[in-house]
Amino acid sequence: MRIYEMTAGDIASKVRRKDLSATECMEEIAERIGRVEPSVGAFLHLNLDEAMRQARAIDNLPSGERERLPLAGVPVAVKDNMATQSMPTTAASKILEGFVAPYDATVVSRLQHAGAVIVGKTNMDEFAMGSSTEHSAYQLTRNPWDRDRVPGGSSGGSAAAVAAQMVPVALGSDTGGSIRQPASYCGVTGFKPTYGRVSRYGLIAFASSLDQIGPLARNVDDASLIYEVIAGYDPLDASSLRVEKALPKATDVSWANVRIGVPKQYGSSGLDASVQARLAEVISRLESQGASVVEVSLPHTEYAIAAYYLVAPAEASSNLSRFDGVRYGYRASGADLLEMYENTRAQGFGEEVKRRILLGTHALSAGYYDAYYLKAQKIRTLIRQDFEQAFAAVDVILTPTTPDLAFRFGEKSQDPLQMYLSDVYTVTANLAGIPAISTPAGLAGGLPVGMQWLGPIMGEESLLHIARGFEKLWPSEGWPALGGEA
Ligand code: GLN
């Protein structure tokens with residue numbers, strides 16, 4: 001097995017035992033990136049010299065210290081909306097071109113303390129707004145399974161980097177589905193923990209009450225390993241939860257004891273026939289293992305997209321007001337201060353970001369606040385209550401991650417509403433704050449299909465356990481052929 005095919009868990013245990021050096025691992029990863037990245041475009045910044053330096057530092061640690069590192073020598077890619085001192089952080093926006101953060105995000109420093117090596121920053125939709133990574137101000141990222149198609153978004157670079165086997169694991173952020181949807185399109189595992197489990201300190205805020213960082217990986221064990229390292233209370237994030245992190249049990253799932261809910265509202269309009277068929281196959285395989293699969297009702301689902309596209313832009317319009325040409329990155333010229341602000345924002349932000357700022361500013365303005373923002377917050381409460389009721393009867397809820405498969409470049413970029421609808425199954429988890437994971441369920445017509453598993457607040461332990469059990473029931477069909485190797 002080549003090093004780039006190894007899981008994060010395997011790399012770490014070999015590096016801990018000195019069966020593999022972190023340096024050797026990084027050398028092969030750098031070589032793999034050099035071969036594959038030109039045809040994928042997952043990275044906005046690479047810092048392989050610094051990564052080699054970090055790898056050497058791990059190899060030079062006294063063995064007692066190295067043996068305690070859960071991610072010893074593991075190469076990790078980080079979405080470009082998380083602050084790093086060693087590389088620029090642009091959120092794929094022109095307004096942050098060349099910006100280098102004065103500190104590392106908590107997740108980044110936790111990864112490094114655990115022995116991980118940060119190889120680069122991944123492409124994304126500008127400020128994490130989008131579902132295809134086409135809204136990046138810098139470059140396209142191609143889906144490794146079909147390079148005429150999008151990798152999904154907004155964490156498209158992270159998903160593509162993992163699927164293309166350039167890194168075993170990557171970090172993404174998920175405000176309405178941006179970890180799970182690209183994971184689904186690229187055939188990898190993507191996990192959004194409970195809101196507040198993972199510190200947002202150093203994450204460029206999109207919609208603060210919805211944003212959550214999580215891992216993209218090639219299997220559930222690796223996703224759990226990364227989650228274990230990055231989760232936990234952080235005094236630097238006011239919404240960080242003071243709770244013990246729950247880790248999945250190592251045992252096999254006894255399906256006869258698992259109650260799975262399938263929402264009757266998910267699956268009506270717009271569900272692709274191949275995704276619908278795969279869901280039916282997945283359900284029958286679970287039932288054949290003895291799991292009980294029942295219908296659950298989440299009656300307020302139909303309002304989820306509308307509520308999300310009020311709450312998220314409202315918070316974004318406030319969060320993005322700090323990008324004014326003075327404090328960060330890009331500055332345009334202007335005759336006076338006001339004109340400088342206006343020109344900077346007009347030139348620095350892309351179309352989708354401006355659309356969100358306009359929507360959000362309108363929704364928050366006097367006279368409209370009650371009609372839009374407040375109403376959306378009430379719907380959010382109802383959606384959370386729907387889940388609470390459903391989880392009284394089932395352990396986990398199963399849905400397709402997305403209604404469709406990876407689409408072609410340009411197919412939805414002219415129609416924002418179509419793009420927004422690829423989030424129908426994912427936004428509810430962010431609105432309710434619950435954990436959710438997308439796991440691959442094979443290919444359809446050569447493109448990956450993803451299944452989403454939703455759990456109750458703080459239900460990570462059983463959610464990850466069940467997702468790993470499913471992974472065994474539906475083994476991977478391998479990885480896309482890239483880089484001239486079979
Ligand atoms: N696609 C959704 C949006 O455009 C979700 C983005 C995200 O999760 N960051 O807002």
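The values are calculated or read from the model by the stated rules, or taken from the named source; none is laboratory data. Please read these numbers as outputs of a predicted model, since none were measured by experiment. All Cβ positions, even for glycine, are placed from backbone atoms using ideal geometry, and neighbour counts span all protein chains on display. We work out accessible area using only protein heavy atoms, side chains counted, and drop any ligands, DNA or RNA first. Shrake-Rupley method; radii C 1.70, N 1.55, O 1.52, S 1.80 Å.
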> Of the peptides 467-474, 245-252, 303-310, 176-183, how do they stack up when ordered by the mean number of other Cβ atoms within 10 Å, highest first?
Replying inline: 176-183, 303-310, 467-474, 245-252
>> I'd like the carbon and sulfur percentage of the solvent accessible area for the chain, probe radius 1.4 Å, heavy atoms only, ligands and nucleic acids excluded.
In response: 51 percent
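With the cut-off at 1.5 for a/c, could you classify the stretch 346-463 from its C-alpha gyration tensor as rounded, prolate or oblate? Before the final figure, lay out the partial values.
Numbers: a/c = 2.76, a/b = 1.17, b/c = 2.36.
In terms of gyration-tensor shape, oblate.
Using 0.36 nm times the number of residues separating residue 148 and residue 476, minus their current alpha carbon distance, what extension gain do you get? Intermediate values should be presented prior to the final figure.
On the way: separation 328, 0.36 × 328 = 118.08 nm, distance 2.25 nm.
The residue 148-residue 476 span can extend by a further 115.8 nm.
Taking 22 Å as the cut-off for C-alpha to C-alpha distance, list the pairs among 192/245; 94/121; 121/245; 79/249; 94/354; 249/472 that go past it.
Details: 192/245 14 Å; 94/121 15 Å; 121/245 27 Å; 79/249 29 Å; 94/354 13 Å; 249/472 15 Å.
Checking Cα-Cα distances, 121/245; 79/249 exceed 22 Å.
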> To the nearest µm²/s, what D does Stokes-Einstein give for the stretch 81-166 at 4 °C and 1.567 mPa s, using the Kirkwood radius over alpha carbon pairs as Rh?
Replying inline: 97 µm²/s
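If we sort 152-161, 70-79, 362-371, 438-447 on the protection proxy, mean other Cβ atoms within 10 Å, highest first, what's the order?
Details: 152-161: 35.8, 70-79: 28.1, 362-371: 12.4, 438-447: 19.8.
So the peptides 152-161, 70-79, 362-371, 438-447, ranked by packing, come out 152-161, 70-79, 438-447, 362-371.
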> Once you put a point 7 Å from the Cα of residue 18 and another 7 Å from the Cα of residue 318, both along the Cβ direction, what distance in nm separates them?
Replying inline: 5.5 nm
>> With every protein chain kept in place and ligands, DNA and RNA left out, what is the accessible area per residue of the stretch 1-69? Probe 1.4 Å, answer in Å².
In response: 48 Å²
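Send over the Kirkwood Rh of the chain, from the inverse of the averaged 1/r over different Cα pairs, rounded to one decimal Å.
On the way: mean 1/r = 0.0449 Å⁻¹.
Value: 22.3 Å, from the Cα pair sum.
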>> From the mean inverse distance of alpha carbon pairs (Kirkwood) and the Cα radius of gyration, derive Rg over Rh for the stretch 291-358.
In response: 1.31
> Between residue 233 and residue 358, what length comes free when the chain is fully extended (0.36 nm per residue of separation minus the Cα-Cα distance, one decimal in nm)?
Replying inline: 41.6 nm
> Distance in nm between label sites at residue 381 and residue 292, each 7 Å beyond Cα in the beta-carbon direction?
Replying inline: 3.3 nm
>> Need the full-extension length gain, residue 254 to residue 274, defined as separation in residues times 0.36 nm minus the C-alpha distance. One decimal, nm.
In response: 4.3 nm
